[in-house]
Each structure stands twice: as structure tokens, then as C-alpha cells.
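Remarks on the structure that follows.
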Amino acid sequence: MAMFCVIAVLLLAHLNRGQDFPFRDPTLPWEERLDDLVNRLTLDEMVLQMARGGAGPNGPAPPIKRLGIGPYNWNTECLRGDVEAPAWATAFPQALGLAASFSPQLIYSIANATATEVRANHNYFVSRGYYFDHTGLSCFSPVLNIMRHPLWGRNQETYGEDPFLTAELGVAFVKGLQGDHPRYVKASAGCKHFDVHGGPENVPTSRLSFDAKVEERDWRMTFLPQFEACVQAGTFSFMCSYNRINGVPACANTKLLTDVLRGEWGFQGYVVSDEGAIELIMAGHHFTHSFLETAIASVNAGCNLELAYWMKNNVFTHIREAVAKGNISLEMVKARVRPLFRTRMHLGEFDPPAMNPYNALGPEDVESEAHRQLALHAAIQSFVLLKNQEGTLPLKAQDASNKAFAVVGPFADNPTLLFGDYAPLADPQYIYTPRRGLTTISANVTFAAGCRYPTCDQYSPAEVKAAVQAADIVVVCLGTGVYVESEGLDRTDLALPGHQLELLQDTVAWAAGRPVILLLFNAGPLDVSWAKAHDGVGAILACFFPAQATGLAIAKVLLGADGTNPAGRLPATWPAGMHQVPPMENYTMAGRTYRYYGDEAPLYPFGYGLSFTTFRYSDLVLGANVLPICGNLTASVVVENVGSRDGEEVVQLYLRWGKATVPVPRWQLVGFHRVLVPKVYFISRLSR
């Protein structure tokens, strides 16, 4: 009762102070409060709020002390956890692996857990007066770019190659991150990179000056739909990308940021530049000739906030001069700064603290047991079984505990390689490598890296041979990692890096018929045709970058423990060779992704994945023979588990056009549902 009285007194005191500033009065409508706040700002104050999006000395947005407004740092990443925060955070699997789960429910749960930790860390930082990078509540996530090219370095941050799948998962992420409170947003979402952005990073040219030439049909059918879904989901922001689109830089592109985003879609939020993208309008694209001209072009086109390269006197600091010269109107500046404060208002900054339940979150809510279990569950759900010859997996638990294991390869016991790009900083005690995970199966586990780094330019076969020959079961851990593919770093081919294929071939020879299980840690597809075809490799499991729970998830899946049965599906096509890989810089969709693929079969198709059990489909029924424009089609199908184990199945529904008069996808995913099917039977229904 005493605590309630204290809160009530604080609330009353806050409301009394708010009488001087209506924007602090929580009883007023949001827009009325925004009118009051924005109209109190001077031009200099508005300019600095727009110019200080991060990073380093470019942030935080400065306080406005006369109004009692504190600083705010916009530079926060939340791709799959509280990324790069100066504190521990739960590290969930990388985005592409999460996409392989084909589970919007999982994405929602991870985004919501991420928001909890972002808010909890933020509350702690603010209590200490810290406003550094990655301490705010406004997330530059999710990434909704299409995985249009298998060698792009940032494929791992995406939800794969399909716009529909990306849209469904993106919507789940936005809603999960922002939460379901009727008044407050837990953490605000920001969809990126807008738009027509999917490589190159550095091969054959730099992303910082690249011009993506795209036809209107491909733009509308592939590169825009998932971003429109993001608006409908209620995101607070977009990030404009580095590239030009048909000659015009994205962050100065009126068609993109005003005509489409705000005009067609009704977006009311803010647009922030990718880091340095505003400066690159001049320095990289040579679209403008001065910072003043760049400020005029980007602000008038629709950009609200500049995220600069560690630069105080950046482009947006020239907005005042542009207003003085009549090139940007004062009303335009007010319109651009307004959604910045709308976001902060919905996050609860200007309400009495006691009104917002998210203010109660703190360090004890970070890396909780529930979140660690969610990370484990997510890793298990993300794995894709690519090969399982003669039931190599699952291993029998009782037999496995008495077996000697060898775990080899550069990913076998190097925790830094298991996370991928944009990873949270997880407490080391919760990080399980494959080697550490296998020790939960057997006390007899030997290890040999063979290669110190994934580039594998130096290979030590003797140590691998000794480990393999002493083992009953061999687990080989190969892949790419940020040394091979990441932001700023494209791949040049599909091959396993360096001597990795040689390591695998040697291992199979030395195993001499004993079980060999290949684990792959990568985002972009790999040419594993030798492993697919060779009888000496009993199973292949695509693990992507599972992060902190890697080893535990692997151990459970290898044993099929606790009902674990892999049900992940590839969110992107794996080509059969470089002859199926079109040029990176060509943005036509012809021959790209399963929707427009050529006639030759790929190594593994989009949506592919095996199970430890067997499913049978029957009795497909369509609700109508003719589908009107924008109409819904109901389809029902009986899915029966005719195997010996319970398992999850990803039911996928595709549409194919007949007699189309314009170029259209050959196939298009229009519905999917991940569902547990007991070994008796289950009926699954999809409606679209």
C-alpha cells in the first residue's frame, strides 16, 4: 500500500509539471501532444534532432533542457537479440536460419524476447546516464531484403529469397518486437534496407556507389511487397539503402520515399539513412556536389534522420542553411522531425514513468532461463536435414553414450564462428560449441580443427586423421562464417572455402565406413554435391548460424531427443554449380530464385528439407475453380504421418499462373503452415 501511495504521488507530481507542457499530458490525444511539442522547438533544435541519428559522435540526439527532454540514441540493432549492446544479451539464431523454421510464431516469440532485453538494458543504461550506441529502443530491424543472389555477403541477415515468406516473417517480427500493449511500444521496429538492395557488397563493385537498375515489374513483384507488409504491420521506421535505384540514390529518391512509401502506402513514420548513405549521395554516387545540396535532396525526398559515419558536421547540419535559402521550408522540417518524437512518445518517454509497465524491466530479465530455452528451441527449429542415408540419424541414445566421437573442422569448437554477423554478446557460460554439445552425449569426444579459420588456407591433416581413426562416430563441422561472407564481403564462388572439401574427403576415407555426419554453418548456398552423392557421408544437416545454443541443439537433433525431429526447410535455392549463378550486378529476376529459375534442377530447391519420419498427402480440395482478382482461395489437404516418429511438417501451398500475358513467376508460395503431425494422422488446412 505504501509503494502504491509513492507511485501515486510521483504520478500526480509528474502530471502537475505536465500542465506547463501539454505534450507531457497523457490525457491528451497523441497528435495534439505532438503539435504542442513540435511547435515549441526552434529550428536549431529540430536540425540537431534530425542530424544526430548515430553513430559515435553523431549521436545521441541531444537533450532539449528547457523542455525537460533528455538525449536519445537511435542507433540500435535487434536482428535476433540486443545486438552489440554494451551488456550481455541472449543470442538467437541468425535471421536466415530463423527463416528456415517457416514459423511466424517462432519469429514473433524471438522478437518479443529481444524487445524485453532491449528495454531492460535500456532502462539500466538510462538509470546510469548512458546514451551510447546500441542503448536505445529504436531498432534497425528486421532486414527484409530478398536473397536474390547466392553469393551476396548479407544473405544471412535476410529471411530468404521469397517475398511472401519474407513478408509473413517480417510482420511477425514487427508485431513481436513492438508488443501488444494498448498504449506503449516495447521497442520500435525499423524495416531495412529500402530498397532494391541485395548485393553487391564488394564484388564486382562497391555497394557504396552501385546503381541497381530494376524494371518496374520486378520492383513491384519482388522488392516492394514485403516492405508494404511492414507498413501494414505498424512499423515506426524504414532505413533507406546505400544504392541508387535506376540512377537515383535511395535516400534521395522521391519516388521511393514519398510517392510509394508515404503516398501509396500511407506510412506515417520516419526514414533513417543507412550509416553514411546520406554522405555517399555526394561522395559515392556523385549525385550532388555539396553537403548543402545533399541535405536539400534527401530531406525533400523524404528522409527524416541521418545516421552518419562518426561525423558531427554531417549533411543534415546544413538544413538550417537550406531553410534560410528557401530550399527547404520550415514546415517541411517540422513534418520531418514530427515522426521522430511520435516514436519516442509511443515508447513512453513523455508519460509518467509509472504508467509504462515496460519501465519495470531490468538486468534480471536479460538472458533469463526462458530466453535461453527459446534460443535452444529456435536453433532446433531452424536446422534443415539435407541428407539422411539409410537412417543414419537419429543416433540411438543408449548406444551413442558408449561411443567415441570425433568432432572435426574449423567450426567444431570455435564459439566466435557460430554467430554470424550482427550478433548479440552472449555470456560465455551459455555458449555451446558442437564439441561442448557432444560431451552431453558421450564422455569420449576428441577434437581436431584441421583449419584454424574457415578460409582454411592452411590445413593440418595429421591431427584430423588421429581424431577420426580413434572414433566410432565422426561429426564434421564446415562452412563460411563472417571471414567468408558478411556485410562488406561477398563470396566469389559456391565452393567450400580453402581446403575444407579436402578435409571432408580425407575424413570419409579415414572413417572407413563408420558414420560421418556433416554439419554446415553458412548462409549462402555451398556446393556440397560431393557429400550429397558420396555414400561415406551418412547425413548432412544445414545449421546456418545457430549462435549460443548451437552445441545443445545439435546434440538433441542428432539423438532425436525430447521429440526433436528436424523440420526446417531451405528458405533459398542452392544452385547445382556456378553455371546456374547469374551476374551479381544484374537486377532482373530472370533465372533468379525458385520463382524464376531455369530449366535445370538445382542442388537443393527452395522449401526442401527431410525428416526422421515420413508424411503422406492426400485429398487436396480447392474451394473454388475460378479465383477472382484479389479473392481468397481455400485449400484443404490431408497430411498423414506414416512413419514411426512424431514430427513437424511444413505444409506449403504454391500457385502457378496459366496462360499469363506478362512475365510472372513460374511458381509462387502463397501459404505455409508448420504443424506437429503425430504418427497417427493430422489434417491441416490452409486458407489464402
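The values are calculated or read from the model by the stated rules, or taken from the named source; none is laboratory data. Model, not experiment: these values are computed from the prediction. We place every Cβ from the backbone using ideal geometry, glycine too, and count neighbours over all the protein chains shown. Keep in mind that these areas ignore ligands, DNA and RNA; they rest on the heavy atoms of the full protein, side chains included. Shrake-Rupley method; radii C 1.70, N 1.55, O 1.52, S 1.80 Å.
Could you compute the FRET efficiency for Ser368 and Leu330, with r as their C-beta to C-beta distance and R0 at 41 Å, rounded to 0.05?
For Ser368 and Leu330, the calculated efficiency is 0.30.
Based on the mean of other beta carbon atoms within 10 Å per residue, what is the order of 260-272, 358-370, most packed first?
So the peptides 260-272, 358-370, ranked by packing, come out 260-272, 358-370.
What number comes out for accessible area per residue over region 82-155 if the probe is 1.4 Å? Units Å², please.
Computed with neighbouring chains in place, this is 22 Å² per residue.
Name all residues of region 302-321 having a backbone nitrogen under 15 Å from the label point set 7 Å from the Cα of Thr42 along its Cα→Cβ direction, giving them as ranges.
Under 15 Å, as judged by backbone N against the label point of Thr42, lie 320-321 of region 302-321.
Using a probe radius of 1.4 Å on heavy atoms only, what accessible surface per residue do you get for region 401-555? Whole Å² is fine.
Per residue, region 401-555 has 33 Å² of solvent-accessible surface.
Mind checking the angle between helix 330-346 and the chain's longest principal axis? C-alpha axes, 0 to 90 degrees, to the nearest 10.
Approximately 60 degrees, to the nearest ten.
In region 74-157, which trypsin sites (Lys or Arg not before Pro) are in a loop and have at most 16 other Cβ atoms within 10 Å, using DSSP for the loop call?
The qualifying sites are Arg128.
Rounded to the nearest 10 degrees, what's the angle between the helix 291-301 long axis and the longest principal axis of the chain, both from Cα atoms, 0 to 90?
Roughly 80 degrees, rounded to the nearest 10.
Can you tell me the length gained on complete extension of the stretch Lys659 to Leu67, counting 0.36 nm per residue apart and subtracting the Cα distance?
206.8 nm
Can you tally the net charge around Val203? Count Lys and Arg as +1, Asp and Glu as -1, for every other residue whose Cβ sits under 15 Å from the Cβ of Val203.
With Lys, Arg at +1 and Asp, Glu at -1, the neighbours total -2.
Rounded to the nearest 10 Å², what accessible area does Ile441 have for a 1.4 Å probe in the complete protein model?
Taking all protein chains as shown, Ile441 has close to 20 Å².
Between Arg645 and Asp457, what FRET efficiency follows from the Cβ-Cβ distance if R0 is 35 Å, with the result rounded to 0.05?
Once rounded, the FRET efficiency stands at 0.25.
Per the 1.4 Å probe, what fraction of the accessible area of region 414-549, in percent, lies on carbon and sulfur atoms?
51 percent
Give the separation of the Cα centroids, region 81-144 to region 211-225, in Å.
30 Å
Test of understanding: what is the full-extension gain from Val638 to Glu502, defined as 0.36 nm times their sequence separation minus their Cα-Cα distance?
44.5 nm
How much accessible surface does Thr439 have with a 1.4 Å probe, in Å² rounded to 10?
Per-residue accessible area (Thr439): approximately 80 Å².
Would you kindly find the accessible area of Val47, with a 1.4 Å probe and non-protein molecules such as ligands, DNA and RNA excluded, rounding to the nearest 10 Å²?
In the full protein context, Val47 sits at about 10 Å².
Please list, ordered by chain and number, the residues whose modelled amide H lies under 5 Å from the amide H of Tyr654; skip anything fewer than 5 residues away on the same chain.
Here the answer is Val670, since their amide H atoms fall under 5 Å of that of Tyr654.
Using alpha-carbon positions, what is the distance between the centroids of region 473-551 and region 335-377, in Å?
Centre-to-centre (Cα) distance: 39 Å.
Out of the DSSP beta bridges found with both residues in region 207-321, what percent are antiparallel (nearest 5)?
The answer is about 20 percent antiparallel.
For the chain, give me the percentage of DSSP beta bridges that are antiparallel, rounded to the nearest 5 percent.
Expressed as a percentage, antiparallel bridges in the chain total about 50.
Below 14 angstrom from the Cβ of Leu386, what's the summed charge of the other residues (Lys, Arg +1; Asp, Glu -1)?
Residues close to Leu386 contribute a combined charge of +2.
In terms of Cα to Cα distance under 25 Å, which lysines are near enough to Lys325, apart from those fewer than 8 places away along the same chain?
Lys255, Lys312, Lys334
Relative to the first principal axis of the alpha-carbon coordinates of the chain, what is the inclination of helix 163-178, with its axis defined by its Cα atoms, in degrees from 0 to 90 and to the nearest 10?
The two axes meet at around 60 degrees.
Give, as a single signed number, the net charge of other residues whose beta carbon lies under 14 Å from the beta carbon of Gln458, with Lys and Arg counted +1 and Asp and Glu -1.
Once positives and negatives cancel, what remains is -2.
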